[in-house]
Amino acid sequence: MQQGDTISAIATAPGAGGIGVIRISGEHAIDVADAVFRAANGKRLAEVPSRQVIYGHAVDAEGRTVDEILAIVMRSPHSYTCEDVVELQAHGSSVALRKILRLTWQAGARQAERGEFTKRAFLNGRLDVSQAQAVMDIIEARTERSLQMAEGHLSGHFSAQIQAMQDAIMDMTAHIEAVIDFPEDGVEEVVTDEIGAKVQELRTGIARMLQTAHTGRILRDGLMTAIIGKPNVGKSSLLNALLREERAIVTDIPGTTRDSIEEYAEVGGVPLRIIDTAGIRETDDVVEQMGVERARGYVARAALVLALFDGSRPLTAEDEEILGLLHGKDAILLLNKSDLPAVTTAAELAERAGGMEVLPVAVASGAGLDALAKAIHDRAWAGETEGTEGGFVNSEMQAETLRQADAQLAAVQGTLDAGLGLDCASIDLRAAWEKLGELTGNTVREDLIDTIFSRFCIGK
Ligand code: GDP
């Protein structure tokens, strides 16, 4: 197994934690670790078996103890990167972790670049490109279904589908070559028909995969959702109700703070990415109350709009303006405060809104929120089958590559239809094969690889 120069990084999230992990990988990983680690039993890491937990201390160049730590050696090729890897588990103090990290550099390692561990796993053939991306998606998953999808990718469901298509294309080109090399009367026509049928089959498969792109993208990135409505209509109450269950999880995500611009909530099994939640909460401040202009900005960015109206009051000019923003948008109208005597009815609002879906709710008590969850579920997953997350196309880049592969297959059909001969078709087939290879990485371009891994954080 190829081993690059030795790299190290803090692999756990920044901030104080129970433990923090420093990962070292490369040809000299074990020597580097030996320079900073003193095992309690006096053994050097070079002598200990793989995957055993060794207790000891991290020490600096003068032999002073930095922290009490555990070391685990994973020898090539049985490690995350396929290289020699040592993981040092220290206490999760960023000062101690940084100090130990610097010691590994003094001992000959260098700072790992973003995603470099995973990149090495890829370069050593342990993961393909879609699996490497899945590692990132798992790290970033914010809902259970998103996690399921990423897991499916990591376990290779998606790659297997692509691989099967590539194999089918390879079989076709082999078949064509045989016919060209050993021509017999009439065989070319039969083979042309066979190839035509198989290409059509592949195109149908690609079309089916592309149908999952919409769901895949929502699962990965969340459905961009805007909550709009005039002041006091119940926007922040709705936001809090949607976030309630997720609260604990959401605040646990490093870097997510209460005043962050977007928040995630899983509603009806759909990950919603709610725009500018800080702004929505600023309702006590009259100056900051959401005006129509602000709502317009939210609506423009949203894939789903939840527009709130107050059923206990007559509709106002501001409500009309809000309605005016919804043309051509995927919107659910919520007639709030249904616990109070109705002044505006659902039928009335629906009529004003040109027949859009109106759900009566009382956000304060939670009445009607089940129906909202169902409506969101039905819209987001319209026509999709559940439980096939592993095969989902989950990024625009994947979708675009599949479309390009499909275009090459369409070119094969064009070539065959025009009677240009099997050898011409064979060139288009090869191009389709290469396009598909970009998805798994067996024909991927260097710059693409760099783009993918630069999305990662350091230490992954
Ligand atoms: P925002 O300005 O649109 O964010 O509205 P808020 O969520 O701050 O709510 C404004 C007021 O309406 C608050 O006093 C809420 O308690 C009240 N409110 C929200 N939802 C309901 C509801 O379903 N029923 C009733 N009666 N009051 C509600």
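Remarks
- Amide H partners (placed H, <5 Å) of residue 364, local residues excluded: 337
- 15 Å Cα-Cα reach of residue 329 towards aspartates and glutamates, excluding residues that sit fewer than 8 places from it in its own chain: 321, 357
- In sequence order, the range 337-353 has phi-based couplings of 6, 5, 6, 8, x, 6, 9, 10, 9, 4, 4, 4, 5, 4, 5, 4, 8 Hz under the Karplus curve 6.51 cos²θ - 1.76 cosθ + 1.60, θ = phi - 60°, and Gly or Pro positions carry x.
- Cα centroid separation, the range 414-438 to the range 42-59: 56 Å.
- For the range 6-105, trypsin sites (Lys or Arg not before Pro) meeting the loop criterion (DSSP other than H, G, I, E, B) and having at most 10 other Cβ atoms within 10 Å: 64.
- Accessible surface computed residue by residue for the range 331-373, with neighbouring protein chains in place and a 1.4 Å probe, gives 48 Å² per residue.
- Cross-link partners for residue 99 among the lysines, with Cα-Cα distance under 29 Å and sequence neighbours closer than 8 places in the same chain left out: 43, 119, 460.
- The residues of the range 87-215 present an accessible area of 49 Å² per residue when probed at 1.4 Å with all protein chains retained.
- The alpha-carbon atoms of the range 3-87 define a convex hull whose volume equals 98 cubic angstrom per residue.
- At 0.692 mPa s and 37 °C, Stokes D of the range 29-182 from Kirkwood alpha-carbon radius, µm² per second: 177
- Heavy-atom accessible surface of the chain: percent carbon and sulfur, 1.4 Å: 52
- Volume per residue of the convex hull around the Cα atoms, evaluated for the range 134-244, comes out as 122 Å³.
- The string of couplings for the range 204-210 from the Karplus curve (6.51, -1.76, 1.60, θ = phi - 60°) is 4, x, 5, 4, 5, 5, 5 Hz, one whole number per residue in order, with x for Gly and Pro.
- For the range 393-398, backbone phi angles converted through the Karplus equation (6.51, -1.76, 1.60; θ = phi - 60°) give residue-by-residue couplings of 7, 10, 9, 4, 5, 5 Hz, Gly and Pro being listed as x.
- Sorted on the mean count of surrounding Cβ atoms within 10 Å across their residues, most packed first, peptides 144-152, 342-350, 428-436 read 428-436, 144-152, 342-350.
- Comparing Cα centroids, the range 124-151 and the range 294-361 end up 38 angstrom apart.
- Here residue 198 is the anchor, and the lysines within straight C-alpha reach of less than 22 Å, apart from those fewer than 8 places off in the same chain, are 435.
- Computed across the chain, the Kirkwood radius stands at 26.0 Å (inverse of mean 1/r, all Cα pairs).
- Ordered from largest to smallest accessible area (heavy atoms of protein chains, 1.4 Å probe), the residues 91, 153, 327, 78 come out as 327, 78, 91, 153.
The values are calculated or read from the model by the stated rules, or taken from the named source; none is laboratory data. Keep in mind it's a predicted model, so treat the numbers as computed, not measured. Don't worry about glycine lacking a Cβ; one is built from the backbone with ideal geometry, like all the others, and counts go over all protein chains shown. Ligands, DNA and RNA are excluded from the accessible area calculation, which covers all protein heavy atoms including side chains. Shrake-Rupley method; radii C 1.70, N 1.55, O 1.52, S 1.80 Å.
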